[in-house]
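Read the figures in this text as sums done on the coordinates, not as results from a lab. Here the structure is a predicted model, which means the values were calculated and not measured. All Cβ positions, even for glycine, are placed from backbone atoms using ideal geometry, and neighbour counts span all protein chains on display.
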Amino acid sequence: MTLTRTYDSLFIDGQWMKPSSSETIQVVSPATEQVIGTVPTASIQDIDRAVNAARTAFDKGPWPTMAPQERSEILRRVRDKIAERRDDFADLITEEMGSPITQSRTIQVGAPLALLDSYLELVETFPFRDIRTAQSGSALVTREPLGVVAAVVPWNVPLTVAIQKVAPSLLTGCTVVLKPASETPLTTLALARLFEEAGLPPGVLNVLPASREVSEYLVSHPGVDKLTFTGSTAVGRRLASICGQNLTRVTLELGGKSAAIVLDDADLDATIESLRLASLRNSGQICSLKTRLLVSNRRHDEFIDRLRALVESMPVGDPRDAATQIGPMATARQRDVVQNYIDAGKNAGAKVAIGGGRTSQDRGYFVEPTVFTDTDPDMSIVLEEIFGPVLTVSRYEDEDMAVQLANHSPYGLNGAVFTSDLDRGLAVASRIRTGTVEINGNSAGFHAPVGGFKDSGIGREAGYEGLDAYTEPKSYGLPHDFVLGLEAAGKSRVGSA
């Protein structure tokens, strides 16, 4: 049984409500360019209804005052329902945004399940209540739910980012208005159905596809206490400026142009194989991908030979075919953006090691995977986020130059170091100004925080930090003996109501 492709209602206040407008969004397959579904577009009036529902659920409903264990139970039911429909979600995401089906099954659905497992484990020991004592005073310090959260998610990993924002919001007692990307609303509305089936109280989660103008109205709404946004740096700046007017709290996970430093002692065969996913998964449409590859003059040529062979081994084609490793760009606009960058790289004098042309497909938003060499650090293909299967290889002379090149970027989201000496790898990684550095392709996992330095955002998601982002600390000054009594009674520690 496939998930629903056509909706005529929005999920507001625990029920499916007819929209105030007759406008709709047509969902187009990036592989076939055919319409695969239709959803309604929310109006300003619909946003008001959703925010009011979330506000009422937070101010008057049971959700914020439930024990964390009760909230977790509902999230566990949702997690199990996603697992039951794993193949259905994978198929839908492949249809909506073109992720190769093998990656949809293992990444697009596997990652949100792992995220949910991680949050459900971490919330059990999250310090909702804590005791602080000193000569200056004694306090019960609580972390209370922040309020109504506006969550705005992108199209590239729609289920993962929705869970990344909704799960910690709900587990800490917040209520949510979730705005999916117009390109992938079907996945997010399908998720809303699972929350409905799991028994989530009315108003706690509301899901509304909307235009950019209406989305900005949501962000500016006085009933919203926090914005959590994943997307481009340009849009992040715009939304942050709107939030500044109301002092709305923000978490922003923005763009990336991450560098991988390949040290001379690295195992090149293992390094290159790691880049299959580290640099090119989801057809290059992931903000944390290592798209700037830094290699010494001494190993440059053999690295290029191996990298060229890697790209040649990755079939481009129908994302529904299990053999495909590079699918289409999610939209016609994104295809044109990537192609324009490829043309700009050629015009700037960069050398094409592989790719750079047109694919053989007669329909669909495909671009040819491309590797550039002989690049200049200030070329647009090196400095700017392309969000497609385009890699640049830059030479360095020594370790200091490699670090300098890695940091020569307005972004600081992710990075990598490849080496046979882990101590040396850590030392180099500590000099890179970025939120995560993967050593030899090892993932930091979902217990660790995710986020960026510089233009890559504000705040962190995942880990304890991802839960903390949806709480406000509150201090209660109390008599010392009373505080000690709370501690003795077990009412001062993690998970306490």
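A few remarks follow.
- ALA323-VAL141 pseudo-label distance in nm [points 7 Å out on the Cα-to-Cβ vector]: 5.9
- The alpha carbon radius of gyration of the range 269-343, expressed as a multiple of 2.2 N^0.38 Å, is 1.20.
- For the chain, averaging the sequence separation of C-alpha pairs within contact (under 8 Å, six or more residues apart) and dividing by the residue count gives a relative contact order of 20 percent.
- In the range 361-497, the convex hull through the Cα atoms has an average projected area of 14.7 nm², a quarter of its surface area.
- Taking a ≥ b ≥ c as the square roots of the eigenvalues of the Cα gyration tensor, an a/c ratio of 1.5 or more together with a/b no larger than b/c marks the range 155-230 as oblate.
- Ignoring aspartates and glutamates fewer than eight residues from LYS60 along the same chain, the ones with Cα atoms less than 14 angstrom from its Cα are ASP13.
- Only lysines eight or more places from LYS81 in sequence, or on another chain, were considered; those with a Cα closer than 24 Å are LYS165, LYS179.
- Gyration tensor verdict on the range 258-445 (Cα atoms; rounded if a/c is under 1.5, prolate if a/b is larger than b/c, oblate otherwise): prolate
- Over every Cα atom in the range 191-296, the radius of gyration and the widest Cα-Cα span, Dmax, amount to 19.8, 58 Å.
- With a Förster radius of 45 Å applied to the beta-carbon distance between ASP269 and THR65, the computed FRET efficiency rounds to 0.20.
- Cα-based reach from LYS351 at 26 Å (exclusive), listing lysines while leaving out same-chain residues under 8 positions away: LYS257, LYS290
- From the alpha carbon centroid of the range 445-485 to that of the range 1-36 is 36 Å.
- Taken as Cα centroids, the range 69-96 and the range 212-288 sit 23 Å apart, rounded to the nearest whole angstrom.
- Residues whose amide H comes within less than 5 Å of that of ILE25, counting only those at least five positions distant or on another chain, are VAL39, THR41 (H built at 1.01 Å from N in the peptide plane).
- Least to most buried among THR228, THR324, THR106 (fewest other Cβ within 10 Å first): THR106, THR324, THR228
- Rounded, prolate or oblate (a/c below 1.5 giving rounded, otherwise prolate when a/b exceeds b/c) for the range 87-162 by Cα gyration tensor: prolate
- Principal-axis analysis of the Cα atoms of the chain puts helix 268-278 at an angle of about 50° to the longest axis.
- Each 5 Å bin from zero holds the following percent of Cα-Cα pairs in the range 14-160: 2, 7, 11, 13, 16, 16, 14, 9, 5, 3, 2, 1, 1, 0.
- The chain: mean projected area of Cα convex hull, nm²: 24.3
- DSSP bridge orientation in the chain - percent antiparallel, rounded to nearest 5: 45
- Antiparallel content of DSSP bridges confined to the range 258-445, in %, to 5: 15
- Legend: calculated FRET efficiency, ASP423 to THR4, from the Cβ-Cβ distance at R0 = 60 Å, rounded to 0.05, equals 0.70.
- Distant alpha-carbon pairs in the range 321-426 (separation over 20 angstrom), percent: 48
- Distance from the alpha carbon centroid of the range 122-144 to that of the range 157-202 works out to 30 angstrom.
- Per-residue ellipticity at 222 nm computed for the chain from its helices equals -11500 deg cm²/dmol, with DSSP H segments shorter than 4 residues left out and the rest contributing -39,500 (n - 2.57).
- Spacing of the two label points (7 Å from each Cα toward its C-beta) at GLN34 and GLU399, in nm: 5.7
- Compared with the dominant principal axis of the Cα atoms in the chain, helix 185-197 is inclined by about 30°.
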